[in-house]
Amino acid sequence: MIKYNKLVRDKIPDIIKEDGGNASYHTLSEKKYITELDKKLNEEVKEYQADKSLEEMADVLEVLYAICKARGYTTQELESKRKEKAEINGSFDERIFLEYVENGDTTNSATVSDMKALKKWGQIPDYARDIILSNVYCSKCGNTTVVDYSMHSDRLGIVISGKCVSCGSKVVRVVED
């Protein structure tokens, strides 16, 4: 006798019986089912990490679909959310490996609210970035440098919002695509 004590696919008891075995099993409550699905996802991901096969990828996907259904979502909603996030943050097609983001006590610090803006900003040479940040219009001071800024991607390009280095008034700069 081998003890498994784990969630298995629906046809496994029948397959065991066809192979001459006798399986003992029961149906889980909704709460326990979701808990076991979460455990199953970890199990399948480990198997994929060890093997890297298409078969193991399919097992991970099957468990994700089951979790989706058990939590009251449809696979269409899951795919829609995946596409939405890909549109906002991108996919992994460009193989971007983020090394670090500097945050600290510098007065000219930045917060990036989306990866698309970070990617666009990263494509601008350092000297040009400095020119952009020091060429911002302030309604009180005129031409100024933006500090304590954040950036996000917009249909026009990158929007940089921050403060005037001289008076602290709110300033905005658009870097067009």
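ASP114 versus LYS140, label points 7 Å from Cα toward the beta carbon: distance in nm?
That separation, rounded to one decimal, is 3.1 nm.
Would you please state the base-10 log of I(q)/I(0) at q = 0.10 1/Å for the chain, with intensities from the Debye formula using one equal scatterer on every alpha carbon?
With no solvent term, the Cα-only Debye profile gives -0.64.
Using amide H atoms built in the peptide plane, which far-off residues or other-chain residues are under 5 Å from VAL171 H to H?
GLY162, LYS163, CYS164
Using a 1.4 Å probe, what is the accessible area per residue for segment 1-73, in Å²?
On the way: 6210 Å² over 73 residues.
About 85 Å² of surface per residue is accessible.
Can you work out ³J(HN,Hα) from phi for every residue in segment 119-124, in order, using Karplus 6.51 cos²θ - 1.76 cosθ + 1.60 and θ = phi - 60°, giving whole Hz and x for Gly and Pro?
5, 4, 4, x, 7, 8
What are the ³J(HN,Hα) values, in whole Hz, obtained from phi via the Karplus relation 6.51 cos²θ - 1.76 cosθ + 1.60 with θ = phi - 60°, for each residue of segment 32-41 in sequence order, with x given for Gly and Pro?
Coupling constants for segment 32-41: 5, 4, 5, 4, 5, 5, 4, 5, 5, 4 Hz.
In percent, what relative contact order does the chain have, based on Cα pairs under 8 Å that are 6 or more apart in sequence? Can you show the working numbers first?
Details: 179 pairs, mean separation 21.2, N = 177.
Worked out over the chain, it gives 12 percent.
Using R₀ = 41 Å, calculate the FRET efficiency as 1/(1 + (r/R₀)^6) where r is the Cβ-Cβ separation of GLU94 and ALA70; round to 0.05. Numbers along the way, then the final one.
On the way: r = 34 Å, r/R0 = 0.82.
Efficiency, from the Cβ-Cβ distance: 0.75.
The values are calculated or read from the model by the stated rules, or taken from the named source; none is laboratory data. Because the structure is predicted, anything quoted here is derived from the model rather than measured. Glycine also receives a Cβ, built like all others from the backbone with ideal geometry; neighbour counts cover every protein chain displayed. We work out accessible area using only protein heavy atoms, side chains counted, and drop any ligands, DNA or RNA first. Shrake-Rupley method; radii C 1.70, N 1.55, O 1.52, S 1.80 Å.
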